[in-house]
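Please treat every number below as a calculation from the coordinates, not as lab data. Given the structure is predicted, the values throughout are model-derived calculations rather than measurements. With ideal geometry, Cβ positions are generated from the backbone for all residues, glycine too; neighbour counts draw on all protein chains shown.
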């Protein structure tokens, strides 16, 4: 079966096999339906988890005996790190998050953020590399993670900054929305090609080329 990115809470994970990286997507928590992404380097077996959102009973068997080198938390909102303490306790993984959100994540979870990252930093997954892109607006320290597949198109993990159909919520804050839409337009649509596949924090995936014609509409509507 080919990868679709369509997952449901309680259902099977969806797995995408790239030449150097395996991406496993799973949905957790009936109420919030968060996406979690386990990345595995095919050369080394090294694994990184993006958003230990909930349900350690789902995430830990997915991680399995291969260990976990890092957990990246895309932003500080509570629904994206409810399993962080359990996953770190069981795996010893290094916790990575955007600098401006790091203190809030620690306050909410009790877990120290050992790597505070921003634009231009990288996170290793074995011999593969994720580029950090800071997107300010949904939260002050939200980050996206970009994998440039040498054998294909880019893969972008967007947290709650970008979804099919629009950017993340800014809760009525006009300044936050302006920052978010500016960063998304400049740092994502302005630099990455149409065939970039993106993986959001909730719901189905999409490609930048599918969403690009609508960015001006999003800016105009204000959300």
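Summary table below
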quantity: Added length on full extension, which subtracts the Cα-Cα distance from 0.36 nm per residue, residue 13 to residue 99; calculated: 27.9 nm
quantity: Sequence of 142, 127 once ranked by neighbouring C-beta atoms within 10 Å, starting from the fewest; calculated: 127, 142
quantity: Projected area averaged over orientations for region 74-135, convex hull of C-alpha atoms, nm²; calculated: 4.3
quantity: Cα→Cβ-extended label distance, 7 Å offset, between residue 202 and residue 219, nm; calculated: 2.6
quantity: Distance (nanometres) between label positions extended 7 Å along Cα→Cβ at residue 4 and residue 65; calculated: 3.3
quantity: Net length gained if the chain between residue 114 and residue 129 were fully extended (0.36 nm per residue, minus Cα distance); calculated: 3.6 nm
quantity: Extended-chain gain in nm, criterion 0.36 nm per residue less alpha-carbon gap, residue 90 and residue 191; calculated: 32.6 nm
quantity: Three-way shape call for region 93-215 based on the alpha-carbon gyration tensor, with the a/c threshold at 1.5; calculated: oblate
quantity: Likely footprinting exposure, 153, 81, fewest C-beta neighbours within 10 Å first; calculated: 153, 81
quantity: Neighbour-count order for 138, 202, 214, fewest beta carbons within 10 angstrom listed first; calculated: 214, 202, 138
quantity: Rounded, prolate or oblate (a/c below 1.5 giving rounded, otherwise prolate when a/b exceeds b/c) for region 3-139 by Cα gyration tensor; calculated: rounded
quantity: Region 10-80 shape via C-alpha gyration tensor axes, a/c threshold 1.5; calculated: prolate
